[in-house]
Amino acid sequence: MHCHSLLGCAICENERFLGDFHPDMEITALEEPSLVKWRCVSGHDNWKDNEFQFRLDDSSDATRLMFIQSYSRELDDVQYGIYNFNWGFYLDSLRLYCEESKGKPFDPKKARSG
């Protein structure tokens, strides 16, 4: 992923995922070093106009990542479940990478279709 630090800039360029999942995000807020907000501008209909917030909190002896996804439209339980699981997998991989220098990268060869 090629990221820009300017508000209003796209943050996903030429980075594509498996299947029809190709969200293009825009940075809508940036308060270094603790907050970044995105908005999906195109590329995945279920996420169009959704907002994503990543906030770091250093209030204890560990850093906590607070993730919030605000949906612009109602989705069925299956779609919510898929997104919830995938964000959990990704964020756990990020935690492992930060703590142990090795995450759990996505392997398209092991991905299930449909």
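Some points to look at:
- If you check Tyr83, Tyr90 for being of a type in the set (Ser, Thr, Tyr) and touching a strand residue (DSSP E or B) at 6+ places or on another chain (Cβ under 9 Å), only one passes: Tyr83.
- Any hit, the range 38-46, residues being in a helix (DSSP H, G or I), of a type outside the set (Phe, Trp, Tyr) and exposed (fewer than 13 other Cβ atoms within 10 Å of the Cβ): yes
- The residues in the range 98-114 that are surrounded by 11 or more Cβ atoms within 10 Å (Cβ to Cβ) and either at pLDDT 90 or above or under 14 Å from the mean Cα position of the chain (by Cα) (or both) can be counted, and the count is 1.
- Any chance Leu75 is part of a loop (DSSP other than H, G, I, E, B) and either in contact with a Pro (Cβ under 6 Å, 6 or more places away or on another chain) or surrounded by 13 or more Cβ atoms within 10 Å (Cβ to Cβ) (or both): yes
- Listed by first and then second residue, the pairs with beta-carbon distance under 6 Å, at least 6 apart or on different chains, first residue in the range 55-75 and within 19 Å of Val36 (Cβ to Cβ), second in a strand (DSSP E or B) and of a type in the set (Lys, Arg), are Asp57/Arg64; Met66/Arg55.
The values are calculated or read from the model by the stated rules, or taken from the named source; none is laboratory data. This structure is a prediction, so every number in the text was calculated from the model and none was measured. Note that we place each Cβ from the backbone using ideal geometry, even for glycine, and neighbour counts take in every protein chain shown.
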